[in-house]
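Comments concern the structure below.
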Amino acid sequence: QVQLVESGGGLVQPGGSLRLSCVASGFTFSNYTMGWYRQAPGKQRELVATIGTSGGTYYADSVKGRFTISRDNAKNTVYLRMNSLKPEDTAVYYCNANGYGSNSWGQGTQVTVSS
């Protein structure tokens, strides 16, 4: 059974930083593309970043240069380092595992950027 557990969200001031973590279980982590998505109130869920099985990364234009996705296959964990946070980054952030025809989601972690 696939399980994705996010942590690391919280309240941060504009310009601040946070690191999100997602611990995975129930599947062969290294064989899956992992991603982070976010959903702000009243908006659709959107892709933030992905990291492939070989470490290749993709970022939404809105976060390029500010966010960094990484993975530790030994720990079955994917990270999202978020720097220079803006109020418009406020959202629930979801971890995603994609592979072998399946697509799984975590429960989400709230990130609020406000002074």
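The values are calculated or read from the model by the stated rules, or taken from the named source; none is laboratory data. Note that the structure is a prediction, hence the values are computed from the model and not measured. Don't worry about glycine lacking a Cβ; one is built from the backbone with ideal geometry, like all the others, and counts go over all protein chains shown.
Summary table below
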{"quantity": "Residue in the range 4-33 that is nearest to Lys86 (Cα to Cα), counting only those that are small (Gly, Ala, Ser) and assigned to a strand (DSSP E or B)", "calculated": "Gly10"}
{"quantity": "Criterion violated by Ser102 - all others in (1) closer than 20 Å to Val23 by Cβ; (2) touching a strand residue (DSSP E or B) at 6+ places or on another chain (Cβ under 7 Å); (3) among the hydroxyl-bearing types (Ser, Thr, Tyr) satisfied", "calculated": "(2)"}
{"quantity": "Where a residue in the range 64-91 is under 15 Å from Gly35 (Cβ atoms) and hydrophobic (A, V, I, L, M, F, W, C) and its partner, wherever it lies, is at pLDDT 95 or above and assigned to a loop (DSSP other than H, G, I, E, B), with Cβ under 7 Å and at least six apart", "calculated": "Met82/Ser17; Met82/Arg66; Ala91/Ala40"}
{"quantity": "Residue, surrounded by the fewest Cβ atoms within 10 Å (Cβ to Cβ), within the range 62-115, restricted to residues that are aliphatic (A, V, I, L, M) and in a loop (DSSP other than H, G, I, E, B)", "calculated": "Ala74"}
